[in-house]
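The values are calculated or read from the model by the stated rules, or taken from the named source; none is laboratory data. Being a predicted model, the structure only gives us computed values, none of them experimental. A quick note on method: Cβ atoms are made from the backbone with ideal geometry, for glycine too, and the neighbour counts reach across all protein chains shown. Just the protein is used for accessible areas: all its heavy atoms, side chains included, with ligands, DNA and RNA removed. Shrake-Rupley method; radii C 1.70, N 1.55, O 1.52, S 1.80 Å.
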Amino acid sequence: MRAARWSAEHPWRAILAWLAFLAVAVGCAVAIPTQETTDADYRVGESGRADAMVTEAGLTQPDTENVLITARGDHLDPAAAEQAADAVASAARDAEHVAGVSDPQWSPDHSAMLVSVELARDSEDVTDLQQTVRDVQAQYDGLRIRQAGDVTIDDAINERVGDDLGSAETTSLPVTLALMLLAFGALIAAGIPVLLAVSSVAATIGVMAPLSHLIPSDQTTSSMIVLIGMAVGVDYSLFYLKREREERAKGRTTLDAVEVAAQTSGHSILVSGGAVIAAMAGLFVVDDATFSSLAIGSIVVVAVAVLGSITVLPALLVKLGRWSDRPRVPLLWRLNRRIGRGGLSRRLLGPVVRHPLVALGLSCLVVVGLAVPALGMKTHSATLDTLPTSIPEVQTVKAISVSFPADEGASANVVVRGDAASQPAVEAALEDLTDRAVATGHFVASGRGVQTSADGTTSLVVLGMPYIETDERVNGAVRELRDDLVPAALGDLGGEHAVGGWAAEDLDFAEHQQGRLGLVIGFVLLLTMLIMVTTFRSIVLAGVSTVLNLASVCVAFGVVTLVFQHGWFHGALDFTTPGFVIDWIPLFVLVVLVGLSMDYHVFVLSRVREHVRRGLPTRLAVEQGITDTAGVVTSAAAVMVSVFAIFATLSMIEMKMMGVGLSAAILLDATLVRLVMLPAILVLLGERSWWPGRPERPRGVEISEPDPAYVLSGR
C-alpha cells in the first residue's frame with residue numbers, strides 16, 4: 001500500500017522509474033549473452049554417468065544422416081534404385097562435413113534402399129548433403145529420394161516448435177486485447193493490462209540473461225515467460241483497474257479510488273503473486289534442467305508483474321484519471337456494465353446458497369467423474385509417434401523404421417573405464433557380454449564391435465534391441481542388462497562401468513521422476529496452504545483452498561488422460577493418440593494450474609473477507625463477495641482459457657496436451673469449483689470458515705460499504 005500511495009502521489013517518478021527498469025533489463029539482454037543448457041545438464045543416473053564417460057573418452061558417435069530410396073509409385077525399379085543409391089553415395093563422399101558413407105543396402109523385402117552418411121565429428125552442417133540429395137532426386141523422376149537423420153530431424157522439430165510457439169504468442173496478444181476490450185468497454189482501459197503484461201515479459205527476458213549464468217536457460221523458457229507473464233500481468237491489472245473503477249463510480253476521487261484499490265486488490269495481488277511463485281518453486285523439486293529453467297523464468301516474470309501492478313499501474317491510473325474510460329465502445333460499454341453487476345452469477349448463486357449440500361454433492365460428482373480416468377494415466381517420454389506426421393523428416397524416419405527395423409530399434413551402450421593395461425581383458429569381456437545378451441533374445445549385435453578410446457582406458461559396445469522405443473519390453477531388457485548380464489560379464493574386472501544410451505536414459509528419467517509428482521504436489525499444496533493461513537488467519541479456509549486446488553489438478557489429469565491416452569476428440573483436435581501422456585506434462589500442468597487458479601481464488605476470498613469484516617454474516621458475505629468479483633473472475637479466466645486453448649490448436653502434441661489440460665481445468669475451476677463448490681462449502685461451514693477467529697475490521701483502513709440491497713433483501 002505504501003508503494004502504491006507513493007506512486008500515486010509521484011506518478012511521473014514512478015513511470016520514469018519503470019521505464020528505466022525496462023531499459024536496464026533490455027540492456028542486459030543485449031550486453032550479456034544467455035547461457036543455454038547443454039547435454040551435460042540433462043544427465044541423470046547411471047545413463048548420465050555412461051554419457052559422461054563416453055564424452056570424456058572421445059567415443060561420442062558422430063551424427064548420422066540416412067538417405068532412403070523408394071518407388072514413387074507401386075513398383076520399384078531395382079536397377080534405377082541401385083544407380084540412384086550409387087550416385088548418392090558417390091556425391092555424398094565429396095560433400096562438405098561428411099566423414100564417411102556406407103555402401104547402399106537393400107531392405108529385407110527389396111522395397112527400399114538405404115545409404116547411411118556419417119557426418120564429421122562436432123559438425124551439424126548438412127546443407128551440402130541436402131543439396132546432393134536434391135540433385136540426385138532431380139535425375140530420377142520414378143524414385144522418391146528422402147533424407148532424415150540426427151541433424152535434420154532435430155532441425156525440423158525445433159523449427160516446428162518455434163513456429164508453433166511464435167503462432168501462439170502472436171495470436172494470444174490480439175485475443176487478450178479483445179477480451180480486455182470486452183471486459184472494460186473502453187480502449188485505454190483495455191490497453192493498460194496488455195501494456196503492463198508485455199512490459200513485464202520484456203523486462204523478464206532481459207533479466208534472464210544474467211540469471212542464466214546461475215541457472216542455464218532452456219530454449220522453451222522464453223515461451224513460458226510469455227505464457228505466464230501475459231496471464232498474471234493481465235489478471236493483476238484487471239483486479240486493480242476493476243476495483244479502482246468501482247470506487248470511482250461510488251463518487252471517490254481518482255487518488256482515493258487508487259488508494260482503496262491498493263488496500264484491497266493490491267493486497268490480493270501480493271498474496272496471489274506469492275502463491276504463484278510458491279507453486280512455480282515446486283518445479284525445483286524435480287531437479288531437472290528444463291524444469292529449473294522454467295521455474296526461475298516464471299518466478300521472475302510473476303515478481304516483475306506484481307512490482308508493476310503496485311507501482312507503475314497506480315501512477316498511470318492517477319495520471320489518466322477518468323480518461324482511462326475513454327474512448328468508449330458503446331455496445332461493449334453497456335454490455336460490460338451489465339456483466340459487471342454480476343447478474344448471471346447472482347442467479348447461479350441463488351440455488352447454491354439456498355441448497356448448498358445438494359449443489360456441493362452434484363458438483364463433486366462432476367469433479368470425481370472427470371478425475372477418475374487419471375487413476376489409469378500412463379506416462380512416457382516423447383517418441384517418434386508423438387511428432388506431427390506433417391513434418392517430412394518424421395515421415396521419412398518412420399518409413400526407414402518400417403523398411404529397416406533392425407537399424408531403427410532401441411539400443412543400449414555398455415561403457416567400461418579402467419587401466420589401459422586391462423584393455424584386452426575388457427574387450428574380451430565385452431565380446432562375451434555381447435554373446436550373452438544376444439542369447440537372451442532381447443538384444444542384437446550392432447556390428448560395430450568394441451570401441452576403445454585413444455588412451456586405452458575406456459571401451460564401449462553398443463547393443464541393439466529388436467523393439468521399437470515405445471515397446472514395454474525395452475525397460476525390462478535394460479534392467480536385465482544392468483542387473484544380470486553386465487555384473488556376470490564384467491564383475492571381476494574392477495574399474496567403473498555403466499549402461500547408457502537412449503533406452504537407458506528414458507528409463508532413468510522415468511525412475512528419477514517416479515514419486516516426484518507426489519512430492520511436488522505435496523510441496524506446492526503445503527506451501528500455498530501456509531500462504532493462505534498467513535493471509536486469512538484461518539486454518540479451515542486454507543484447508544478448503546488446498547482441497548479445491550487438488551480437485552482442479554485431478555480434473556486436469558483426468559481430462560488429459562481421456563483426450564490423449566484414450567483418444568477422445570482426436571479428430572477435432574487433429575492428432576493421433578500415442579496411448580500415453582508425455583511424462584513432463586502432469587508436473588507442468590500441476591504447478592501452472594495451482595499457481596494461476598490461486599489468482600482469482602485469493603481475489604474472491606479477499607472480497608468475502610471484506611464483507612465479513614464489515615459485520616455481514618458469512619452467508620451474505622459469500623453471496624455478495626462472489627457477486628462483486630464475478631465479472632473480474634470471468635474476465636481473468638477467459639483470458640487464461642483463451643490463451644491456453646490456442647496451444648490446443650498447435651501441431652506439436654505436447655503443446656496440445658498442455659493447452660487442453662490447462663484450458664479445461666481453468667474453465668472448470670473458475671466456474672464449477674469457485675462459483676459452486678467454494679460458496680457451497682463456505683455456506684455450510686458458516687462462521688466456522690474463519691476458525692480459529694472471525695476477521696475483524698482493520699484499523700486505519702477505509703473500505704467501501706456493502707451493497708444495501710443485500711442487507712435489506714432479507715437473504
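When residues in the range 490-526 are screened for being aliphatic (A, V, I, L, M) and either free of Cβ contacts under 8 Å to residues at least 24 places away in the same chain or in a loop (DSSP other than H, G, I, E, B) (or both), 2 of them pass. Conditions: (1) open to solvent by less than 20 Å² (accessible area, probe 1.4 Å); (2) modelled with pLDDT of 85 or more; (3) not hydroxyl-bearing (S, T, Y). A636 meets all but one. Number of the miss? Checking A636 against (1) open to solvent by less than 20 Å² (accessible area, probe 1.4 Å); (2) modelled with pLDDT of 85 or more; (3) not hydroxyl-bearing (S, T, Y), the one that fails is (2).
Listed here are the residues, each with its yes/no results for (1) over 30 Å from V486 (Cβ atoms); (2) crowded, with 21+ Cβ neighbours inside 10 Å.
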position	(1), (2)
G500	no, yes
E505	no, yes
E511	no, no
F523	yes, no
M532	yes, yes
T535	yes, yes
L541	yes, yes
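Listed by first and then second residue, the pairs with beta-carbon distance under 9 Å, at least 6 apart or on different chains, first residue in the range 443-455 and among the charged types (D, E, K, R), second crowded, with 16+ Cβ neighbours inside 10 Å, are R448/L460; R448/V461; R448/V462; D455/A57. Being in a helix (DSSP H, G or I), at pLDDT below 80 and in contact with a strand residue (DSSP E or B) (Cβ under 9 Å, 6 or more places away or on another chain) is a description that applies to S324. Remark: D325 falls outside the filter, which requires a residue to be at positive phi and either in contact (Cβ under 8 Å) with a residue 60 or more places away in the chain or in contact with a Cys (Cβ under 8 Å, 6 or more places away or on another chain) (or both). Part of a loop (DSSP other than H, G, I, E, B) and either open to solvent by less than 80 Å² (accessible area, probe 1.4 Å) or not β-branched (V, I, T) (or both) - does that describe any residue in the range 85-95? The answer is yes; a qualifying residue exists.
Among the residues making up the range 425-446, a single one is of a type outside the set (S, T, N, Q), assigned to a loop (DSSP other than H, G, I, E, B) and surrounded by fewer than 19 Cβ atoms within 10 Å (Cβ to Cβ): G441. Candidates T70, T60: the one that is more than 19 Å from S200 (Cβ to Cβ), in a loop (DSSP other than H, G, I, E, B) and among the hydroxyl-bearing types (S, T, Y) is T60. Here the range 118-135 is the region considered, the condition is being touching a Leu at 6+ places or on another chain (Cβ under 9 Å) and either part of a helix (DSSP H, G or I) or not aliphatic (A, V, I, L, M) (or both), and the residue that is farthest from A156 (Cα to Cα) is L129. Among the residues making up the range 555-586, those that are among the aliphatic types (A, V, I, L, M), buried (at least 21 other Cβ atoms within 10 Å of the Cβ) and touching a Lys or Arg at 6+ places or on another chain (Cβ under 9 Å) are V563, V581. Within the range 105-162, restricting attention to residues that are open to solvent by 80 Å² or more (accessible area, probe 1.4 Å) and touching a His at 6+ places or on another chain (Cβ under 9 Å), the residue that is farthest from T386 (Cα to Cα) is T127. I'd like to know if the range 661-681 contains one or more residues that are within 37 Å of the chain's Cα centre (by Cα), open to solvent by 50 Å² or more (accessible area, probe 1.4 Å), closer than 22 Å to L548 by Cβ and modelled with pLDDT of 80 or more. Yes, there is a match, as at least one residue in the range 661-681 is within 37 Å of the chain's Cα centre (by Cα), open to solvent by 50 Å² or more (accessible area, probe 1.4 Å), closer than 22 Å to L548 by Cβ and modelled with pLDDT of 80 or more.
Cβ-Cβ distances below 8 Å connect no pair with a first residue in the range 563-586 that is farther than 16 Å from L650 by Cβ and modelled with pLDDT of 90 or more, a second residue that is charged (D, E, K, R) and assigned to a strand (DSSP E or B), and a separation of six or more residues or different chains.
Among the residues of the range 447-479, those identified as surrounded by fewer than 16 Cβ atoms within 10 Å (Cβ to Cβ) and in a helix (DSSP H, G or I) are R473, G476, R479.
Can you find, within the range 238-259, the residue that is surrounded by the fewest Cβ atoms within 10 Å (Cβ to Cβ) among those that are among the hydrophobic types (A, V, I, L, M, F, W, C) and over 36 Å from the mean Cα position of the chain (by Cα)? It comes out as A249. A Cβ distance below 7 Å, combined with a sequence gap of six or more or placement on separate chains, defines the contacts here; from the range 4-31, residues that are farther than 25 Å from R243 by Cα reach residues that are of a type outside the set (K, R) and open to solvent by 60 Å² or more (accessible area, probe 1.4 Å) in the pairs A29/I205.
Answer yes or no: is there a residue in the range 640-649 that is touching a helix residue (DSSP H, G or I) at 6+ places or on another chain (Cβ under 7 Å), more than 30 Å from I391 (Cβ to Cβ) and of a type in the set (A, V, I, L, M, F, W, C). Checked the range 640-649: no residue is touching a helix residue (DSSP H, G or I) at 6+ places or on another chain (Cβ under 7 Å), more than 30 Å from I391 (Cβ to Cβ) and of a type in the set (A, V, I, L, M, F, W, C).
Scan the range 604-620 for residues that are closer than 17 Å to S265 by Cα and modelled with pLDDT of 85 or more and jot them down. Scanning the range 604-620 gives V604, L605, S606, R607, V608, R609, E610, H611, V612. Residues that are at pLDDT 85 or above and among the aromatic types (F, W, Y) number at least 1 in the following helices (runs of 4 or more DSSP H) confined to the range 172-280: 221-249.
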